[in-house]
Amino acid sequence: MSLLKVTNLTKSFGGVSAIRDLSFSIEAGTIHSIIGPNGAGKTTLFNLITGVYTPSSGSVRFNDREIGGVEPHKLAALGMNRTFQNLQIFHNMSAVENVMVGAHLHLQKGLLSSLLRLPSLARSEDQTRDHCWELMDFVGLAQYRDAEASAMSYGALKRLEIARALAAKPKLLLLDEPAAGLNDTETREVDEVIKRIAAQGITVVLVEHDMKMVMGISDHILVLDYGAKLAEGTPAEIRSNPDVIAAYLGNVG
Amino acid sequence: MFESTLQFILAGLTSGAIYALVGLGFTIIYNASHVINFAQGEFIVIGGMSTVALTAAGLPLPLAIVLATVVTMVVGMALARFAIQPAKDADVVALIIITIGASIFLRGIVQLVFGKDIHSLPPFSGETPLNLMGATLMPQSLWVMGISAGLILVMAWFFNATLAGKAMLATAYNSLAARLMGVDTKWVLLSAFALSAFLGAVGGIVVTPITFVSYESGIMLGLKGFSAAVLGGLGNGIGAVAGGLILGVVEAMSAGYISSAYKDAIAFVIILVVLVARPNGLFGKKGIDRV
Amino acid sequence: MKAFAQRHRGLLILAACIALLPLGVQNDYHYDVLINAGLNAIVVVGLNLLIGYAGQISLGHAAFFGLGAYASAILTTTYGWHSLAAMGAGMAGVGVLAYVVARPILRLKGHYLAMATLGIGVIISIVLNTEAQVTGGPDGMSAEPFSVFGFAFQSEKSWYWLVGGCLLASVWLATNLINSPIGRALRALHGAEVGARVVGIDTTHYKVLIFVISAVFASFAGSLFAHHTPTVTPSILGFIKSVEFVVMAVFGGMASVLGSVVGAFIMTLLPNVLASIEDFEPIILGAIMMGTMIFMPKGLVPTIAKKLRRKEAP
Amino acid sequence: MRGLKTIAGLAVAGCALALSWTAQAAEPVRIGAFLAVTGPASFLGEPEKKTLEMYVDRLNKQGGVQGRKIELTVYDDGGAPDKAATFAKRLIQSDNVDIIIGGTTTGTSMAAIKIVEPAGVPFISLAGGIDIIEPVKKWVFKTPHTDRMAAEKVFADLQKRGLTKVALISENAGFGKSGHDQSLKVAGNYGIEIVADEVYSPKDPDVTAQLTKIKNTPGVQAIFNFGFGQGPAIVTKNTKQLGITQPLYQSHGVASKDYIRLSGDAADGVRLPAAGLVIADQLAATDPQKPVVSAFKKEYEEAFKSEVSTFAGHAYDGLQMALAAIMRAGSSDKAKVRDEIEKTSGYVGTGGIVSMSPTDHMGLNLSAFHMVEIAKGDWKMVD
């Protein structure tokens, strides 16, 4: 059974189809990349899968459950989480608090215990903070443990989003261009982080322009063009697919 | 029966045209800067009060009107230059406080300069009511409606057909991009306030014969104008006008048919119902979160 | 204990101020002003949870304040309830009302939300103004004296300590809430709403929750106000009063509990200080509001705190 | 941390400073006033304030009262009762006044009563509401006619003209609401039937909807409007616009030339009850009020270059009665002054001839009111 199964998915904005009749599936435990030229509909697809947009038609099934149009916070509870191409960082909070927000689903959040800060809540908060610091270490943000989010660099924030998503303990993690805007060293570090995430058994879906990275870490690749599927297969298959080569004007890799 | 209904509609259109004018002023500034200018009502007061004071000082009415308009526009530009521009990057709520502060400040100045009396101006075309199928209307109401309609057309032409108007719209849509394209966004802000003050001043002058003017008139007018602009959909001129007219007619109809004590409450209930059904007002565009 | 002190520095400073202020108080009028400032501060602490932390504006909060006041006035006089019971009923009633209106209107954003909350405030104020047989109409009505376990609060001094204690409790509760998962959820939905939803925060739920909580804070303060003031009239729940509350919150500092208190105190004291030059009062008040927001858009306390922190750093 | 301590220190110091703006010496007669100088009732409060200031100034130049200077403290309550209560406390506690004049509106006066009664400070209200002095409160007096008297005067006039079916339209705020309630209460005594009952908001730009309803109500013989400010002028203009021919009555709330100025020709034929002050020159030469109101009118209009209003007169009467009581008492001892105010007898003021008693803390009767009709932009005494 596939972890995520998309069937005949279509999304149009005022008559223009951003995603057209798209079908594909993602197996658990793999790294799956979605590539395509700018405007191919990759981010729209992410927004459809994660509930930010509602599909115009078609179905999205997660863990064999229909999730088209289900609100994002419910998807998170089902085990799906994501990062953003245009960062969605909580700039009004510290770095570790950003990650702690990611852990929200798993925390006790009774109104009375919060208002009175009962000892059980205080303990749980301390544990969460420690755990989130570990997650920051895991994505390579150890030096930002006490930083304010607003004081961090773009590259660090990208990883902060990953740590935040991990705090929610997802089964499926969607990363929207995690390497965009990063230099080579940073890209390699992110590359490493993704591999380690996958090694923990979390299924990763990646939208990325950095072909070197995509080809290096993906188990499976989906190529979009004008909102429709152009090709699908292993990195090797994609590399030799003539349609893909044509779409990218031969500039693959 | 029909006569009363018509009378209610005419009453509503008279108030509604006034609200529409104020709402339009909100729209222009909102379009150029995404600022809701809660001092919009004060422009009306300054326009009306200055005209009254200048005619009382012996100036002929047309000259007084021109001067009062200029005074109001200068106040509007000063507001933009000294209160809005320095705070351009402030939070929406901070900007709201600034414009509320400005309205209190201007009210204080008006009170100091012109005093606290309530004033009126002679109606432009006499006081013989016009009879319309049994219902009556003051000629001045026609002036208000006519001038509102005229100003709306001028504004529509300005924003759609002139370079300056387009520059304003571009700045509202994306200030950075507009700046890169060579639009002087500071100038845009100043002109938007000047334009809006102009509308306020003209509005103040035409409505004074009907509603009178005092240093405190701006509070109620500002509130109604804001309601009109939001009801119609912020940033949409036609929406603001429609919102104003609807508001006026709903109030008059409620007063006529339901309860005069609850007419304002009913108007707000209608606004709430509209907003719940259409979160961006009647004519507002639906926004999409871009992520 | 040290952790408590760390977490509640603001609370301790505030407690010290409340304890020391009576040294400067010369008469009951001074107490009266401070009591009103304290009551406003309770409302603003609650309102700031909504505006400063969750990023949702309300231009109708005076209505909740007023409803709390009227609940206490009507229930203690017309129906002879105990003042605590009336206060509780007011808070519960306001909580339910806030919950009912919050669900539909909190889908609105920015100025549309401002309009909707303003509208609700105006509607409530018109109802209380019109239903004179229940509320006394524009002339208003009074509440019975406030009493707890047989002790009736009569003197201004006893009121001062009562309100001071309530303010401290409110600040303590608000600070706790902000530093809990709920508080983080609120700040997160303010910082990046889509981001918050995607990591599992039911943003609608939290917006509604905080709207209700802030309304209940206002109702609580309103009840106390009703027992302290000679007459409760519709003027305390008008649009202007709502704006005053927002001004206090923003002026003192958004997303700053201590800022709320400072904002409420300054904006309550200021008109009293300016009263002797009343012709210039609106001009000065307006200028101060504009000036503060232009030069300190984050509000008084956060801006000053930041400056001091920078100075302390080597 | 040090910074926060500094803030704390500054906060305490600042608050203490803000609260210690009072420092007094104890010589003069202290008169306190809280008035609606701004807000919807500002055109009542403003002339009241001007009057108090002018006469206190004038008296001080003449050497004060019994050799003592008069010190006047005026606060603007904006018409808000809760502010009025705070200012009443301030006047009593902080400014240590000997007597309080004020409360432009019934609401502010009622709020202040709760403060002045337990404090034991003589208080002369300038508002119309009958609740202020009924039931009688030990320390509370008032100068203007009550709204009930205004209603009674109007209904008496209607009765005289044989008009019995009246449409009531009133302002949906303090003054209008209270007048509305009193009108309903006393209408029966004059055989008047209220056949329509409409309201409007103080700043409504148009009330033709309400008036159309009245116009369509069968049998209406007269319209009676209770309100002040711009509302009554709009009612007047709209009545004419709709071609309503039944006589229009206004309350004493419009007894100022501003009303005529704003209403223009539409005001012609409108009747209202007013104090002698507005028709000073038309009073019979034998009228004992004539010299008093003529003198006050002249002084006020010379000083401020604007038409005197009855509201200014209320303040004038309040101040005169207060000072007379202080002089009779020979000191500003609060209890003695209170007793002397209560003994005020035959004081000829702008509002009428005042004779108070332990059961009447206003001391005016219906004869203090004149029915006035507006003709050619001026007042014309009817009776």
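Tabulated results
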| quantity | calculated |
| --- | --- |
| B:Val52 being assigned to a helix (DSSP H, G or I) and closer than 13 Å to B:Ala197 by Cβ | no |
| Helices (runs of 4 or more DSSP H) contained entirely in region A:73-140, each with at least 1 residues that are touching a strand residue (DSSP E or B) at 6+ places or on another chain (Cβ under 8 Å) and facing another protein chain (nearest Cβ under 7 Å) | A:95-102 |
| Check on D:Ser294, more than 10 Å from chain B (Cβ to nearest Cβ) and without any contact (Cβ under 8 Å) to a residue 24 or more places away in the chain | yes |
| Listing of helices (runs of 4 or more DSSP H) fully contained in region C:73-183 that carry 3 or more residues being hydroxyl-bearing (Ser, Thr, Tyr) | C:110-130, C:156-178 |
| Selection within region D:224-255 - more than 17 Å from B:Met138 (Cα to Cα), at pLDDT below 95 and among the aliphatic types (A, V, I, L, M) | D:Val254, D:Ala255 |
| Hey, C:Asn48 within 30 Å of C:Leu186 (Cα to Cα), among the polar types (S, T, N, Q) and within 11 Å of chain D (Cβ to nearest Cβ) or not | no |
| Wholly enclosed strands (runs of 3 or more DSSP E) of region D:144-247 bearing at least 1 residues within 28 Å of D:Thr350 (Cβ to Cβ) and either outside the structural domain of D:Gly129 (by TED's automatic domain parsing) or in contact with a His (Cβ under 9 Å, 6 or more places away or on another chain) (or both) | D:165-171, D:222-226 |
| Residue in region D:278-286 that is over 15 Å from D:Met371 (Cβ atoms), among the small types (Gly, Ala, Ser) and part of a helix (DSSP H, G or I) present | yes |
| From the options B:Ile100, B:Ile104, residue that is β-branched (Val, Ile, Thr), assigned to a helix (DSSP H, G or I) and touching a residue at least 60 places away in the same chain (Cβ under 8 Å) | B:Ile100 |
| One residue from B:Ile238, B:Ile258, B:Ile271 being away from chain C (no Cβ under 11 Å), closer than 30 Å to C:Ala132 by Cα and aliphatic (A, V, I, L, M) | B:Ile258 |
| Residue within region B:108-121 that is surrounded by fewer than 21 Cβ atoms within 10 Å (Cβ to Cβ), free of Cβ contacts under 8 Å to residues at least 24 places away in the same chain, of a type in the set (Asp, Glu) and not in a helix (DSSP H, G or I) present | no |
| Unmet requirement for A:Thr43, which otherwise passes all of (1) modelled with pLDDT of 90 or more; (2) in a helix (DSSP H, G or I) | (1) |
| Single residue of B:Gly225, B:Gly218, B:Gly203, B:Gly243 found to be small (Gly, Ala, Ser), closer than 30 Å to B:Gln85 by Cβ, in contact with a Phe, Trp or Tyr (Cβ under 6 Å, 6 or more places away or on another chain) and part of a helix (DSSP H, G or I) | B:Gly225 |
| Filter result for the condition that a residue is under 24 Å from D:Thr106 (Cα atoms) and among the basic types (Lys, Arg), over C:Lys241, C:Lys307 | C:Lys241 |
| Subset of region D:172-202 that is in contact (Cβ under 8 Å) with a residue 40 or more places away in the chain and within 14 Å of chain B (Cβ to nearest Cβ) - its residue that is nearest to B:Val250 (Cα to Cα) | D:Pro202 |
| Number of positions in region A:141-152 that are part of a loop (DSSP other than H, G, I, E, B) and not basic (Lys, Arg) | 4 |
| So B:Gly146, is it free of Cβ contacts under 8 Å to residues at least 40 places away in the same chain and surrounded by 18 or more Cβ atoms within 10 Å (Cβ to Cβ) | no |
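The values are calculated or read from the model by the stated rules, or taken from the named source; none is laboratory data. All figures in this text were calculated on a predicted structure; none of them were measured in a lab. Heads up, the Cβs are rebuilt from the backbone with ideal geometry, glycines too, and the neighbour counts pull from every protein chain shown.
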